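Encoded as structure tokens, the structure appears first; notes follow it.
The values are calculated or read from the model by the stated rules, or taken from the named source; none is laboratory data. Predicted model only: the values in this text are computed from it and were never measured. In this analysis, Cβ positions are derived from the backbone assuming ideal geometry, glycine residues included, and neighbour counts consider all displayed protein chains. These accessible areas exclude ligands, DNA and RNA; they are computed on the full protein's heavy atoms, side chains included. Shrake-Rupley method; radii C 1.70, N 1.55, O 1.52, S 1.80 Å.
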Amino acid sequence: TAADGKNVLAFGHSFMHKGNVNYFMTDADVIGTIAGQSNGVKIANIGSVIGRVNQDRETGVAGILGTFPTSVPVQIHVKDNALGTEETFGAQIAYDEDFLPILSGSVAYAAMSRVADSLGSSTAHVRFAIRTNAYEGGLFERRNMYYSPADVGQVAVTELLQAMNLIVTNAEKESDVIDVNVDVELDAGRETALLVSATPDKMTVKIRPYRKAEETLSIPYQVPKTQPTGTLNLDIRGGGFVPVNPLMLLAQAGLEVPDDEEKFKSTGDRLRELAEQGQNNEIIIAPGAAPAPTSEKEMKKRMKAAAKASERAAKEEPEKRVTLLADRKKREEKEKFFAPYVIENVIHATLKVER
């Protein structure tokens, strides 16, 4: 290491070879070395933060003493109901777009592992909040419930990773992340349930919790006012189940499928979609897809109707097309009901709509 006032040059080789960087610089105590034919290895204890590494080049790393990197404070509170313990952990993560999402998830996972001290079957209730200018109101929050037979911590951090990745890859501008707050409540065992049946007239849903007696839930469902008379197919599913893409029928029929709109969505839109996604412990009742055609004649009839609809939409003026899309979104009405279990399947029911 060479020091020239507050400027430091170290290593004699690169670290991640990323060029301009934003790392913490710490001092260290080397307690041993291991010789090697091509290179040696130092065994060291990391000490206190003393500055910022701002260059990571082939010939070494460089930084400035007394100047600290831009960082994101992360706080994780974990409560384990099985052990009757809870603890709060804190960390500072240097702002690096490649590492911030992974390290945020890693810190949360490490906190869960430390408190639970188990890789057995368990269920986790997770809430996280990210203060950022990438989302309206400056605060993005998300709740969900997870179960894993092996290590629930690995799946419990997936949406935190997803949200952080969306924020740091903002294509419009560099996002500010003020802080991250995570709350986790762990329960030993499996808190899941299967949907068994649904009675549409009163929307009575039966669930079978894992190794428990069946439970009956009464869930209100209001048929959309725009729903035409006839048969209404309903999907009753856990919030973690994503419905089939409605454009698949057009694609299967060989018709032109509209361009993927994902590339045009803003970071705020993507975060909003994540916030609106169903939670694993939700029971969602929503109009489902029409039954599969039972004959070639019926399939051709559907293809013809889809083609006509596509032609009509193409001829509409842009203003009218936007209105049609907005109306379609309004018709995608669904009812949500929170259950104390992770819902693991989907069932179907049929309702007859009369005027």
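With contacts taken as Cα pairs under 8 Å and at least 6 residues apart, the range 146-212 reaches a relative contact order of 23 percent. Reported to the nearest whole Å, the Cα centre-to-centre distance from the range 41-86 to the range 136-186 is 20. Note on the range 1-125: Cα convex hull, mean projected area over all directions, 10.6 nm².
Simple spin-label estimate for residue 169 and residue 345 gives 3.5 nm between the two label positions (7 Å along the Cα-to-Cβ direction from each Cα). Applying 1/(1 + (r/R0)^6) with R0 = 56 Å to the Cβ-Cβ distance of residue 58 and residue 81 gives a FRET efficiency near 0.65. Once the Cα-Cα distance is subtracted from the 0.36 nm per residue extended length, the residue 20 to residue 229 segment shows a gain of 68.9 nm. Summarising the label geometry, the points placed 7 Å from Cα in the beta-carbon direction at residue 44 and residue 265 lie 4.4 nm from one another.
Protein heavy-atom accessible surface, 1.4 Å probe, per residue over the range 52-196: 46 Å².
Using only alpha carbons, build the gyration tensor for the range 54-182 and give me the equivalent ellipsoid semi-axes, biggest first, whole Å.
On the way: eigenvalues 167, 67, 36 Å².
The answer is 29, 18, 13 Å, longest axis first.
Take the Cα of residue 13, go 7 Å toward its beta carbon, and the backbone nitrogen atoms of the range 29-48 under 17 Å from that spot belong to 32-44. Would you compute the Debye intensity of the range 118-159 from its alpha-carbon atoms alone, equal scatterers and no solvent, and pass along log10 I(q)/I(0) at q = 0.29, 0.35 Å⁻¹ to two decimals? Here log10 of I(q) over I(0) equals -0.92, -1.14. Give me the percent of accessible area attributable to carbon and sulfur for the range 56-179, probe 1.4 angstrom. Carbon and sulfur: 52 percent of the exposed surface of the range 56-179. Here residue 214 and residue 188 are evaluated by their C-beta separation; at R0 = 35 Å the FRET efficiency comes out at 0.95. Taking each of 225/336; 202/352; 225/265; 173/265 in turn, the alpha-carbon distance tops 21 angstrom for 225/265.
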